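Chemist: Can you keep this structure in mind? I'll have questions shortly.
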Amino acid sequence: MAVRIAAGLALLVQFWALYVPRAPGIQTGLPLDKVVHFGLFALVTWLVIRAGVQPKWVISLMVVQAAASELTQHFFLAQRGGDWWDFAADLAGIAVGAWLARGRSGVLTAQPPETIAH
């Protein structure tokens, strides 16, 4: 249950970060925006798979979300801009999140890992 709540909260944060009209940010000269994109997509992908949603659906929907967010930022949010590098960071995050969610067998699964009895 806790994983499902965390997944829901992570999705809300992701939607806010991607669709807020003006992106919050600190100008540091570093590519923090790419790190945020990567981290948001990795975390959401990992949590939603761990919450029990089939990986093929999570991965597919996250790729659609990545593309939709960049297109929305480019065409509909005047203070934002769609960026191919953000999209690439999103895809890398999806890949890493899915990789981290795989089971002990190395196979991507929506089943939680077995607990080890001591």
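The values are calculated or read from the model by the stated rules, or taken from the named source; none is laboratory data. Predicted, not measured: the structure shown is a model, and the values here were computed from it. All Cβ positions, glycine included, derive from the backbone under ideal geometry; neighbour counts span all protein chains shown.
Chemist: Let me confirm something: among Val48, Val3, which residue is modelled with pLDDT of 95 or more and farther than 15 Å from Phe87 by Cβ? Before the answer, list the steps.
Modeler: Numbers: Val3 fails: modelled with pLDDT of 95 or more.
Within the list Val48, Val3, the selection yields Val48.
Chemist: With the requirement that a residue be surrounded by 14 or more Cβ atoms within 10 Å (Cβ to Cβ) and in contact with a Lys or Arg (Cβ under 7 Å, 6 or more places away or on another chain), what does region 56-79 give you?
Modeler: Gln73
Chemist: Within the group Val35, Val53, Val44, which residue is surrounded by fewer than 21 Cβ atoms within 10 Å (Cβ to Cβ), of a type in the set (Val, Ile, Thr), within 17 Å of Arg102 (Cα to Cα) and out of contact with any Pro (no Cβ under 6 Å at 6 or more places or on another chain)? Before the answer, list the steps.
Modeler: Working: Val35 fails: within 17 Å of Arg102 (Cα to Cα); Val44 fails: surrounded by fewer than 21 Cβ atoms within 10 Å (Cβ to Cβ).
So the residue among Val35, Val53, Val44 that is surrounded by fewer than 21 Cβ atoms within 10 Å (Cβ to Cβ), of a type in the set (Val, Ile, Thr), within 17 Å of Arg102 (Cα to Cα) and out of contact with any Pro (no Cβ under 6 Å at 6 or more places or on another chain) is Val53.
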